[in-house]
Amino acid sequence: MKTRLLLLATLCIVQLLPAVAASGHTASALSARTVDPAAPAAGAILIKSPDGHLVFQLSPGNKDLLFTILSGNSPVISASPLRFSLDGTPLTENTQIAGVRRYQFREKYPWLGVHATAINECVPGADSAARVPDEGTVFTLPGKAILWYHDINGHYEGVHEKKELQQVRTEEWVAPPATLKLPQGLYVAVTEAELQAYSGIVLQADGKSGLVLRMAHRQPPSHPYVLRYSPEDVARLSQPAVIRGTITTPWHLPDLCPPPDPTLFPQGIHTDWIRPGRAVWKYLDGGGDGTPETMKKFTDEAAALGFEYNILEGFWTKWTDAQLKDLVDYSRQKGVGIWIWQHSKSVRDPASLQKAEATFTAADTIELDLEAGGGYLALIKN
C-alpha cells in the first residue's frame, strides 16, 4: 500500500536587527511548496531561500522521511526524521517521494507583521470523520549546540537554564521556544505558531542531540494546571484530542501567523497601544520584598538592560494609590513602563472594570490581557 502524502515546506528568513526593526521597515520572503504529482523524481528535494543561503532538504531514509536545514554548507538541523501518525497509524513510514512540483512567489510585508497564511491540508477528511493526530518529528542539532530552556512544570513561568544540548537528560522536557547557539555561531529557535483546532507542542530531549516534538496528550500536566483544575478535569483534558473533518494546521514556524484583524487593529503593527517589549519580573527573579523601594530597583535594572517594562505581581494591592503613582512616575523618567497583575475574575463585569480603572489614575493607558486564572494590566505611559 502506497501512501500519498502532501507536504508543505516554507522557508522563512528571520534576521534580528537593532532598534530599526520596530520602525515598520519591510522585508521580503520567498516560499516554495512541494506536492505529490504523478511525475517521478529521484533523490532529495531542495528548497532554497531567496538568496540561496538557507536550504531545506527532504529525502527518503531507510524508514522515515528525513529533513535537513543548511546555512551555506553548515548544517543547522542535521538529518532528522519527519514523523506524523493518525489514530496510531504512521503516515510517514516507508514513504516514497513520487514527484515534485515547484512554484514561487514574492511578497513585501511589515517587518513585525506577516506575509501569508499557510495551511497544510495533509489529512483531508469528511466533516463527520473523527481522528487523533500525533507527531514525533525530531530536530537533530549538529555538534555541541548550546541550549537555553526551561521545563514544563511551571508552564511558561519556568527559570531558564543554559546547557550543552548533549548534557540535557534523555526525556527531559523543553518548553518552546527552544533557543540554541550552534558551534558556527548561528542561533536557532524551535517553536510553533497559529495552531487552530490542533494540539500545542513541547519538545523532549532524546539524549542524542535531538529534540522530539510531543503533542499535548504526551505531556505531563504543569503545576499551575493541576493547581487550578480538579483531578477529574486533569485526567479528562489529558486525553488525546480528537479532530473532526480535514486536519488543517500550518507547520511550526513563527512567521505563519495570520495578519492582525483589521477590525480590531486597523493600523496593523502600527497600532499605537501595541508596544512589544522585554520585561524584568520579580516573580521569577526573586530580589527582596514586594515594596515600592524594591520595585524601583527592578526599574533601575530594566533601564540598565534596555528593557521596556517592569512587572508587578499581586503585592501591589497592598500599596497606596500614591505609592503606585510614585513608582509609575519614577519608572517613566527611566523610560520603563509598568505592568501589574490583576486576577481576571476581579474585572470580568463592567462595574469591576470601571473600579479598577478608577484605581489606576496614574496611567494614561490601561489594557487587560485575560489569561487562565489571571491577567496583566499595563500602565504604559512613557
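The Cβ shell under 10 Å around Glu135 holds other residues with a net charge of +2, Lys and Arg each +1, Asp and Glu each -1.
Ordering Arg83, Arg228, Arg169 by the number of other Cβ atoms within 10 Å of each residue's own Cβ, fewest first, gives Arg169, Arg228, Arg83. Sorting Phe315, Phe139 from the fewest to the most surrounding beta carbons within 10 angstrom yields Phe315, Phe139.
Exposure proxy ranking for Met295, Met215, based on other Cβ atoms within 10 angstrom of each Cβ and starting from the fewest, stands as Met215, Met295.
Electrostatic bookkeeping for Arg244 treats Lys and Arg as +1 and Asp and Glu as -1; over the other residues with beta carbon under 9 Å from its beta carbon, the sum is 0. Full extension of the chain segment joining Tyr330 with Leu353 gains 5.7 nm, where the gain is 0.36 nm per residue of separation less the Cα-Cα distance.
Residues whose amide H lies under 5 Å from that of Glu161, counting only those 5 or more places away or on a different chain, are Tyr149, His150; hydrogens are built 1.01 Å from N in the peptide plane. Would you tally the net charge around Trp173, using a Cβ to Cβ cut-off of less than 9 Å, leaving Trp173 out, and scoring K and R as +1, D and E as -1? Here the charged neighbours net out to -2.
We did not get these values from a lab; they are worked out from the coordinates using the rules stated. Note that the structure is predicted; figures quoted are calculated from it, not measured. Reconstructed Cβ throughout: ideal geometry from the backbone, glycine too, with neighbour counts over all protein chains shown.
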